[in-house]
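The values are calculated or read from the model by the stated rules, or taken from the named source; none is laboratory data. Since the structure is predicted, the reported quantities are computational estimates derived from the model, not experimental observations. Here Cβ is always computed from backbone atoms with ideal geometry, including for glycine, and neighbour counts include all displayed protein chains. Accessible surface is based on the protein model in full, side chains and every heavy atom, while ligands, DNA and RNA are left aside. Shrake-Rupley method; radii C 1.70, N 1.55, O 1.52, S 1.80 Å.
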Amino acid sequence: MSVNQESSQQAIRRRRWRDIDLRAVAPFVALALLLLVGALVNPNFISINNLANVATRSAFIAIIAVGATFVISSGDLDLSVGAMVAFIASLMILFMNSGVIADPVLMLLAAILFTIVAGALCGLTNGLITTVGKIEPFIATLGTMGIYRGLTTWLSQGGAITLKEPQLQEMYRPAYFGTILGVPVPIVVILAVTAVAAFILYRTRYGRHVVAVGSNRDVARYSGISVNRVRTVAFVIQGLCVAAAVLLYVPRLGSTSATTGILWELQAITAVVVGGTALKGGAGRVWGTICGAFILELVGNIMLLSNFISEYLIGAIQGAIIIIAMLVQRSLVRKS
Amino acid sequence: MTTEVVDGAPVVLSARRISKSFSGVQVLFSVDFELRRGEIHALMGENGAGKSTLVKILSGFEQPTSGEILLDGKSVKLPPDGAAEALGIVIIHQEFNLAEHLTVTESLFLGREVTRFGVLDRRFMRAETRRVLELLGSHVDENAMIGSLSIAEKQMVEIAKAISRDARVVFMDEPTAVLSREETNFLFRLVRKLRDKGTSFVFVSHKLDEVMELTDRVTVLRDGQWIKTAPTSILDGEAIAQLMVGRELSSLYPAKTEPDVDEEVVLRVNSVSTGYVRDASFEVRRGEILGFSGLIGSGRTELMEAVVGLRSRAAGEVLVRGQAVPSGDVHAANKAGLAYMTKDRKAKGLLLNAGMMANLTLQSLGRHARLGYLDPGSEQAALVKARRRFDIRVRDDSVVAGRMSGGNQQKLLLAKVMETDPSIIIIDEPTRGIDVGTKQQIYHFISALARDGRSIIVVSSEMPEIIGLCSRVAVMREGHIAGILEGDEISEQEIMRYAAGLKKKTAA
């Protein structure tokens, strides 16, 4: 009996090895290739210092993209995340500048809580407009993108909003520049956020519902799943991820302006798609998304270190990457 | 009766020793097939026998691994992706290939629009469309939007499309699956008319009676092998079924079990109305199989969706064991023990890109979760159990639902619904598009569930199925229940009388 079980388990393992989904592996292969190219271009590239730097700088996009993975897996799209970063960051700094709480420690904790709630509410707004208002997510979030961006411009009166209290700034700085056991805090945050997201997406009932809703809404509805609730919660998760990114962003510069986070929505969506999540919903890959965000940042870094392509072309290269990623995905689907 | 085709009529299209493998798995083994000019040729076989593959090869959508195809006696390599239409070979798919937002005329001329001086010649195209539709005796408006047509009318447009392209060979895959009896009769008249003018038809269907009625010759495939080709007139339904299955079909339907009269009434539906359904009342006892018959579009599905909360009710109440179930609340209905199994397994029942396990447990994830955390071991155990219980046959566990045969998909869907452990199960079209062998299995599953003390409502357009399974039959017509038949009243003629509005009785 036990022998039988063992051999059948071995068979399952062998089959799993053979059935590896090429689409899930592709982004990691691309990452490995990029690292190789980078090492050939400039020996400094492969140093731990440089790579840690790249990873740190990818943190904002990576964390936002983790949220976008949920929204996209459930078959929706959120274009407002870049504007939302600017809006929530402005609110956070204004809150800290208001001085309603005298004690700096309490003030910082309150500001963090405030930011998280603001993120969740912004996401909830997007979700309710799309589901209750029954408006295409593309249009709904195009609208809120304008609203969040416009409100930021209004709050800053076209200029910058800067954290005034030096004591607060000093205390908050390590949240971006500090290290935990030698690892920069942003990297730790990326890993933590991703691990939690992966757990939710792959190991919980809600995660399974997200994929089902994105795959086929009718099947989900006939299976007794509250489709609108699942979609709305995905938008809220996106809002929470934006809040997490803001919590890292504010201590970095201590300042925001109307141009904060411009085109971040495009980078986040690119990271998700490069990571192997299907843009039409139904398959989410959180670790792939992180990999996609690293790839985007690495490409910029290689261009910077290489000297034979102008770094002003970064936008064009990133645009090309999303198209190439789609073509690769398509060809892999055909084969499997 | 069918007319004999003169023996020796010229052969239009034939296949010689066709074999086909998909990634190492052989699905056709040296199959021969021959289609004469002006005949209707039935292609029969269980699901997975290789009918669809053969049709795809004969219409150019797939290339054979070995063997040759002859068109008018000459060996040809058919062009791929529907380009064989230019050779007069047309396939009418089970799911229509029509864009909802085009008009009938635009659909007919899609991809070969007629132009004059570079501008679309719309008047000519409209006139030509009218001509073809007249030829078919159809009253469909050539300017109507495809989206506004009924399913039967869409089918008519597909056929018109085939004719307007001077089709010599037409493949029809399960054309009557979505048609009512009258619409089917009309289609058959049309097919015969075209046959007499020299068009050849290949008719793929699971409905034995229709094959007997319409076709001139029958070819039976089993497990990818050619079994027999013979004139339909020398066979009978029983013989064809035996050729397909390769064993005797002892009896298609299990013995009926009737619940006692004093058995508890578990479901009581009182005067339910929705947009279309008016004032529908019925009740189901424990262990009973209640049938719902009627023409397509008579409101059966709408009523059932209102009962299980997938659709809100305008009026009326639903009581499960005396407890009222709120309107439009699927969760409450599920909790009360009601479950609905959709007739549209591909669009509404299964996630075609997902594996068996994700599909099986989708509706009942709560059973495998502790505080929202899913236990893969428990899900795996459920799959093993369901596969054994419902005899789901697949090569390995990781296959996605979209790649399974129709019969296995249907069993998986039934298993998925049963995972919620319902006491009242509404099964809409339990055997649509599946083969005789699997049908028989599903009938036995249904019967076993009833003997188990569960109550079952079978909604079906196939009358033999309703008559063979159910102890009482409700007949719907134009949104209301025309009558509920019991015992000796349950016969095709009697059901038809109610369905067509010739007879009526109010529920006692």
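Work out how much length B:Val399 to B:Lys335 would gain on full extension: take 0.36 nm times their residue separation and subtract the Cα-Cα distance, in nm to one decimal. Mind showing how you got there, number by number?
Details: separation 64, 0.36 × 64 = 23.04 nm, distance 3.10 nm.
Answer, rounded to one decimal: 19.9 nm.
Heavy-atom accessible surface of chain A, averaged per residue, reaches 48 Å², computed with a 1.4 Å probe.
Looking only at trypsin sites (Lys or Arg not before Pro) in DSSP loops with at most 16 other Cβ atoms within 10 Å, what is the longest site-free stretch of chain A? Looking at chain A, A:1-133 is the longest stretch - no exposed trypsin sites (Lys or Arg not before Pro) with at most 16 other Cβ atoms within 10 Å. Can you give me the C-alpha center-to-center distance between segment B:405-465 and segment B:262-287, rounded to a whole angstrom? Taking the Cα centre of segment B:262-287 as reference, the centre of segment B:405-465 is 20 Å away. Only protein atoms count toward the accessible area here, which uses a 1.4 Å probe; on chain B, the carbon and sulfur part of that area reaches 49 percent. Ordered from largest to smallest accessible area (heavy atoms of protein chains, 1.4 Å probe), the residues B:Lys504, B:Lys228 come out as B:Lys504, B:Lys228.
Please compute the length gained on full extension between B:Ser19 and B:Asp32, using 0.36 nm multiplied by the number of residues separating them and subtracting their Cα-Cα distance.
3.7 nm is the gain from fully extending B:Ser19 to B:Asp32.
List the residues, sorted by chain then number, that are 5 or more residues from B:Arg222 or on another chain and whose placed amide H is less than 5 Å from its amide H. Under 5 Å from the amide H of B:Arg222 lie the amide H atoms of B:Ile227, each far enough along the sequence or on another chain. Give me the distance between the Cα centres of segment B:288-309 and segment A:274-335, rounded to whole Å. Rounded to whole Å, the Cα centres lie 50 Å apart. Each Cα pair under 8 Å and six or more residues apart adds its separation to the average, and for chain B the resulting relative contact order is 15 percent. The phi-based Karplus calculation (6.51 cos²θ - 1.76 cosθ + 1.60; θ = phi - 60°) puts the 3J(HN,Hα) values of segment A:135-147 at 10, 3, x, 4, 6, 4, 7, 5, x, 5, 4, x, 5 Hz, whole numbers, x for Gly and Pro. May I ask you to derive the FRET efficiency for B:Ser148 and B:Lys228 from their Cβ-Cβ distance with R0 = 45 Å, giving the value to the nearest 0.05? The calculated FRET efficiency here is 0.55.
Placing a label point 7 Å from the Cα of B:Arg367 along the Cα-to-Cβ direction, the residues of segment B:424-438 with a backbone N closer than 18 Å are B:424-427. Between the Cα long axis of helix B:406-418 and the first principal axis of chain B there is an angle of about 10°, rounded to the nearest 10. Put a dot 7 Å past the Cα of A:Leu313, heading toward its Cβ, do the same for B:Asn270, and the two dots end up 7.7 nm apart. Would you work out which of A:Val25, B:Phe171, B:Phe29 lies farthest towards the positive end of the dipole of the protein assembly as shown, given +1 charges on the beta-carbon of Lys and Arg and -1 on that of Asp and Glu, about the Cα centre? Value: A:Val25. For segment A:236-253, the residues whose amide N sits under 15 Å from a probe point set 7 Å from the Cα of A:Val196 along the beta carbon direction are A:236-248. At R0 = 45 Å, how high is the FRET efficiency between A:Leu263 and A:Ala110 if r is their beta carbon distance? Nearest 0.05 is fine. With a Förster radius of 45 Å, E is 0.90. Near the amide H of A:Thr204, within less than 5 Å, lie the amide hydrogens of B:Leu374, all on another chain or at least 5 residues away, with H placed in the peptide plane. Find the centroid of the Cα atoms in segment A:57-131 and in segment B:185-257, then give the distance between the two in whole Å. What the calculation gives is 64 Å, centre to centre. Have a look at A:Gln167, A:Phe199, A:Ala245 and report the one farthest towards the positive end of the charge dipole of chain A, computed about the Cα centre with Cβ charges (Lys/Arg +1, Asp/Glu -1). Value: A:Phe199. About its Cα centre, the protein assembly as shown has a charge dipole of approximately 1420 debye under the convention of +1 per Lys or Arg Cβ and -1 per Asp or Glu Cβ, with nothing else charged. The label-point distance for B:Glu213 and B:Glu68, in a model that sets each label 7 Å from Cα toward Cβ, rounds to 4.1 nm.
Give the shape of segment A:134-284 as rounded, prolate or oblate, defined through the alpha-carbon gyration tensor: a ≥ b ≥ c are the square roots of its eigenvalues, a/c under 1.5 means rounded, and otherwise the shape is prolate if a/b is larger than b/c and oblate if not. Because a/c hits 1.5 or more and a/b fails to exceed b/c, segment A:134-284 counts as oblate.
Can you work out the FRET efficiency for the pair B:Glu492 and B:Asp81, with r the C-beta to C-beta distance and R0 = 51 Å, to the nearest 0.05? Please list the in-between numbers first.
On the way: r = 43 Å, r/R0 = 0.84.
So, using R0 = 51 Å, E works out to roughly 0.75.
Roughly what % of DSSP beta bridges within segment B:11-251 run antiparallel, to the nearest 5? List each step's numbers first, then the result.
Values: 25 of 43 bridges.
Around 60 percent of the beta bridges assigned by DSSP in segment B:11-251 are antiparallel ones.
Run the paramagnetic zone check for A:Thr179: 7 angstrom along Cα to Cβ, then residues of segment A:220-262 with backbone nitrogen under 14 Å. No residue qualifies, since no backbone N sits under 14 Å from the label point. Distance between the pseudo-spin-label points of A:Ser47 and A:Ser306 (7 Å out from Cα toward the beta carbon): 2.1 nm.
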